[in-house]
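> Just passing along the structure, written as structure tokens.
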Amino acid sequence: MKKIKCVIFDLDGTVGDTVPLCIKAFKKSIEPLINKNVSDEEIIATFGPSEEGTIMALAPNFYDKGVEDYLKYYEEYHEMCPKPFDGIIDILKFLKDNGIKIAMVTGKGKYSTDITLKKFSIDEYFEIIETGVVSGPSKPQGIERVLNYFNKFEKEEFIYVGDAPSDITASRKVGIPVVSVAWAQLVDLEKLKELKPNEIFEDVNKFYEWISEKI
């Protein structure tokens, strides 16, 4: 692997443990509209598109109200996850201080992404942020846009950092190295191992040590 010049981060489960927050906000917004309970598994199965895509999948007849309520509850419940994982801000500061470009490609919609980055006070670190779309998974396209933005770098000088199996497949589709992280509550470590990312870390500090040697 070449020296890293740009790090592209996922958000949910990578920068912060926000997935439980997402699930709670989805349940609070969707269940009253469709008048039935929705399981965690049903919600997680819709992930890939933005949150608007989840509302479209689970409450299509109440789309506008569902999205409005979701964003309201997402912000209201954000005290469930008031800050990033311990050590993440240190990594962002270290990368910035050493001239490494920092980007974000997330499946979250723009509005919820903005809420979380402001709550975490880390929006200043990301030079380019690509968010999700309602129509379906869009990470390969988002990663491509980051590559085009930093077009002076070779693909081997980027890494994508994410917690989901789909992050591995998206990165490989675009042709950049991928680091899997398994420090969130709901991560599927065995599935990540099966897909053999370039590196895998279960501890933020171990990732910090590794990346400090790669820039």
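> Taking region 177-209, which residues are in contact with a strand residue (DSSP E or B) (Cβ under 7 Å, 6 or more places away or on another chain) and without any contact (Cβ under 8 Å) to a residue 60 or more places away in the chain?
178, 179, 180, 182, 192, 193, 197, 199, 200, 201
> What residue, of 122, 159, is over 25 Å from residue 23 (Cβ atoms) and not assigned by TED's automatic domain parsing to the domain that holds residue 50?
159
> Quick one: in region 11-25, of everything that is assigned to a loop (DSSP other than H, G, I, E, B) and of a type outside the set (S, T, N, Q), which residue is surrounded by the most Cβ atoms within 10 Å (Cβ to Cβ)?
Among residues in region 11-25 that are assigned to a loop (DSSP other than H, G, I, E, B) and of a type outside the set (S, T, N, Q), the one surrounded by the most Cβ atoms within 10 Å (Cβ to Cβ) is 15.
> Taking the condition of being surrounded by fewer than 14 Cβ atoms within 10 Å (Cβ to Cβ) and at pLDDT 95 or above, how many residues in region 118-144 meet it?
Count: 3.
> Counting only residues that are of a type in the set (S, T, N, Q) and surrounded by 16 or more Cβ atoms within 10 Å (Cβ to Cβ), which one in region 160-215 is farthest from residue 48 (Cα to Cα)?
The qualifying residue farthest from residue 48 (Cα to Cα) is 180.
> What pairs can you find where one residue is in region 25-45 and assigned by TED's automatic domain parsing to the domain that holds residue 74, the other is surrounded by fewer than 14 Cβ atoms within 10 Å (Cβ to Cβ), and their Cβ atoms are less than 7 Å apart, with a gap of 6+ or different chains?
As it stands, the answer is 31/37, since those pairs meet every condition given.
> So which helices (runs of 4 or more DSSP H) stay within region 26-78 end to end and still have 1 or more residues that are modelled with pLDDT under 95 and within 16 Å of residue 135 (Cα to Cα)?
The qualifying helices (runs of 4 or more DSSP H) are 40-45, 51-58.
> Does residue 8 count as hydrophobic (A, V, I, L, M, F, W, C), assigned to a helix (DSSP H, G or I) and either modelled with pLDDT of 95 or more or farther than 17 Å from residue 131 by Cβ (or both)?
Judged against the criteria, residue 8 is not a match.
> Taking the residues in region 76-90 that are surrounded by 17 or more Cβ atoms within 10 Å (Cβ to Cβ) and not aromatic (Phe, Trp, Tyr) as candidates, determine which candidate is nearest to residue 120 (Cα to Cα).
Going through the qualifying residues, I end up with 84.
> Further, regarding this structure: Every residue in region 70-127 that is free of Cβ contacts under 8 Å to residues at least 24 places away in the same chain and among the β-branched types (Val, Ile, Thr), please.
Of everything in region 70-127, nothing turns out to be free of Cβ contacts under 8 Å to residues at least 24 places away in the same chain and among the β-branched types (Val, Ile, Thr).
> Would you check which residues across region 181-215 are touching a Leu at 6+ places or on another chain (Cβ under 9 Å), within 22 Å of residue 97 (Cα to Cα) and assigned to a loop (DSSP other than H, G, I, E, B) and list them?
Correct list: 215 only.
> Another question, then. Does residue 109 satisfy the criteria of being more than 27 Å from residue 68 (Cα to Cα) and not aliphatic (A, V, I, L, M)?
No: the conditions fail for residue 109.
> Can you name the residue in region 116-163 that is outside any helix (DSSP H, G or I) and among the aromatic types (Phe, Trp, Tyr) and is also nearest to residue 72 (Cα to Cα) among such residues?
Looking at the filtered set, the residue picked out is 126.
> Something else: Residue under question is residue 67, and the condition is that it be touching a helix residue (DSSP H, G or I) at 6+ places or on another chain (Cβ under 7 Å), over 25 Å from residue 142 (Cβ atoms), touching a residue at least 12 places away in the same chain (Cβ under 8 Å) and buried (at least 16 other Cβ atoms within 10 Å of the Cβ); does it hold?
For residue 67, the condition - touching a helix residue (DSSP H, G or I) at 6+ places or on another chain (Cβ under 7 Å), over 25 Å from residue 142 (Cβ atoms), touching a residue at least 12 places away in the same chain (Cβ under 8 Å) and buried (at least 16 other Cβ atoms within 10 Å of the Cβ) - is not met.
The values are calculated or read from the model by the stated rules, or taken from the named source; none is laboratory data. These figures come from a predicted structure and were not determined experimentally. Virtual Cβ from ideal backbone geometry, glycine too; neighbours counted across all protein chains shown.
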